[in-house]
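Report on one structure; see the data block that follows.
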Amino acid sequence: MSKNNYYITTPVFYVNDIPHIGHAYTSIASDVIARYMRLSGKNVMFLTGTDEHGKKVEQAAKKLNLSNKDFTDKNSRSFSNMTKTLSISNDDFIRTTESRHKESVCSFWNKLESSGNIYQGTYSGWYSVSDEAYYSESEITESGLAPTGSPVEWVKEESYFFALSKWQNQLLEYYNSYPNFIQPKSRFNEIVRFVQRGLRDISISRTSLQWGVTVPSNKQHVVYVWLDALINYISVLGYPKRNKQFAAFWPASAHIIGKDILRFHAVYWPAFLMAAGVSLPKVIFAHGWWTNKGKKISKSLGNVIDPLKLINKYGLDPVRYFLMREISFGHDGNFSEKNLIVRNNSELANKIGNLLQRTSSIAHKYCNGRVPNVSDICINQIYASGAFKNMAYLIDKNHEYIESFSFNKILNNIIYISDQANISISNASPWLLVSSDPDQMKKILYSMLEISRYLGIILQPFIPHSASKMLDQMNVPLDQRSFCNLTQEFALKPGLLLQKPMPIFLKI
Ligand code: MSP
């Protein structure tokens, strides 16, 4: 893959359920990265989609008396609608029931089989339908549940196995050579310890259900839903064809997932890929889980948070902002509407919104609604000031932070910049200088507008709609809104007409 290309994915979501805050979180975080990389000049491919096979989905369809096809069509649509409602900028949406995907799964299976990584046997052990996962006796809790708390059933059936155990050493060597492969570090350590304890071969086909991709060499079996689902990341690029799209974007730059599905991505997926002779993704990042009043979110507890309801109530950008700002990516956090309101009011409205609102109101009052007519020398002085140098430093830092997906650190820097700007405008009180020192008044105003231009540009990945309204208000041309435009060369033109100040960030 060329250095300038960037391929980012979300998990494919199970369609047994409707979208909840967990799906929204993974999607928004991946979207922030995709948008950030595009603004950095990268050629981005961003994938999301739905995971539609397996027992869990089959049972959910049965419960509603719907055919598998009607059920998955309907629920996949709620996920593609969710991506639109959240303004997710995905380039493709894969459904694992599409033929382009099923063909890839068959080729991948054939490759595993012909390379001697698959053998036939009988699986007997525990299976959790809600996790779509096999568990060993030692993992079952005293109350007879999976370690995740999900119910399990005893399964005994003919099955194909993937020879995972023989990949143990290669996996460990790989982790050792690429310490950033699994992030954050705590998850990396967890996986290394798990693999060091020894790997068992895993069952990769089922005979007790039909809803899946049929094993090419044996029509009695369907492919295990996790093997099927993981392949989405390459089926969308045209695997097994090593065409232009595949060459351009594989290996993926990052798979963004939740911590609950780390083992599938950081152990099984790399082993499958090694066995099939396909290179491994560069980074697997496992984020934490949101809880509701400290409790795990689940349908049975009735405490599910509906992202669409939140958006109807508060608007999209405050929700996107809150999810990225409130907790450090990789950690768990408690979801609180109260905190969402506080973040919105104290940061978006009082800091970012206030700065632009104040500066453009002053410009309308004292400069005929135009960018103040300052000289080139004055702009040079502004750019040489400590405030501007510090802003450039913080933006450079942000470009480092995005590499480790430290969204809240990036937002912290952005809020700091606006905070400092608000303080300096209050201290300098330009409105008092209108007649005594008009040049100084213009200089302060220009510098604040220019900081607002910077803020508008760097906020785009997080709050795309509000950020573009900020830039519209300053009439920043559409083709000058990338990170490469954060220089003096693209500074606001003195005398440029501004739009009427309109409140962009409303207090809740
Ligand atoms: N279908 C599999 C993924 C296959 S990828 C090849 C799956 N789907 S899921 O719909 O159950 O979960 C999707 C994502 O939502 C996971 O990354 C999961 O971690 C995330 N979340 C589900 N509940 C969550 C929270 N309460 N908080 C944050 N994210 C959580 O797993």
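The values are calculated or read from the model by the stated rules, or taken from the named source; none is laboratory data. Predicted, not measured: the structure shown is a model, and the values here were computed from it. Note: ideal-geometry Cβ built from the backbone for every residue, glycine included; neighbour counts use all protein chains shown. Please note that ligands, DNA and RNA were not included when accessible areas were found on the heavy atoms of the full protein model with its side chains. Shrake-Rupley method; radii C 1.70, N 1.55, O 1.52, S 1.80 Å.
Go through LEU86, LEU112, LEU47, LEU39 for me and flag whichever is touching a residue at least 40 places away in the same chain (Cβ under 8 Å), surrounded by fewer than 23 Cβ atoms within 10 Å (Cβ to Cβ) and touching a strand residue (DSSP E or B) at 6+ places or on another chain (Cβ under 6 Å).
LEU112
So, in the stretch 285-311, how many residues would count as being within 11 Å of the ligand (Cβ to nearest atom), among the hydrophobic types (A, V, I, L, M, F, W, C) and either touching a Phe, Trp or Tyr at 6+ places or on another chain (Cβ under 8 Å) or open to solvent by less than 30 Å² (accessible area, probe 1.4 Å) (or both)?
Final tally of qualifying residues: 5.
Can you tell me which residue is surrounded by the most Cβ atoms within 10 Å (Cβ to Cβ) among those in the stretch 257-282 that are within 7 Å of the ligand (Cβ to nearest atom) and not in a helix (DSSP H, G or I)?
Per the criteria, the residue is ILE257.
If you take the residues of the stretch 1-31 that are open to solvent by 10 Å² or more (accessible area, probe 1.4 Å) and more than 10 Å from the ligand (Cβ to nearest atom), which of them is nearest to LYS296 (Cα to Cα)?
Checking each candidate, the answer is ILE18.
If you go through the stretch 429-446 one residue at a time, do you hit one that is among the small types (Gly, Ala, Ser) and surrounded by 15 or more Cβ atoms within 10 Å (Cβ to Cβ)?
No - not one qualifying residue is present in the stretch 429-446.
Output the residues belonging to the stretch 32-54 that are assigned to a loop (DSSP other than H, G, I, E, B) and either within 16 Å of the ligand (Cβ to nearest atom) or touching a Cys at 6+ places or on another chain (Cβ under 7 Å) (or both).
GLY41, GLU52, HIS53, GLY54
Is one or more of the residues making up the stretch 178-191 out of contact with any Leu (no Cβ under 9 Å at 6 or more places or on another chain), assigned to a loop (DSSP other than H, G, I, E, B) and open to solvent by less than 40 Å² (accessible area, probe 1.4 Å)?
yes
Return a yes/no flag: does the stretch 283-293 have any residue that is over 21 Å from the mean Cα position of the chain (by Cα), more than 24 Å from TYR36 (Cα to Cα) and in a loop (DSSP other than H, G, I, E, B).
Within the stretch 283-293, one or more residues are over 21 Å from the mean Cα position of the chain (by Cα), more than 24 Å from TYR36 (Cα to Cα) and in a loop (DSSP other than H, G, I, E, B).
Mind listing whichever residues of the stretch 312-340 are assigned to a helix (DSSP H, G or I) and surrounded by fewer than 16 Cβ atoms within 10 Å (Cβ to Cβ)?
Of everything in the stretch 312-340, those that are assigned to a helix (DSSP H, G or I) and surrounded by fewer than 16 Cβ atoms within 10 Å (Cβ to Cβ) turn out to be ASN312, LYS313, GLU337, LYS338, ASN339.
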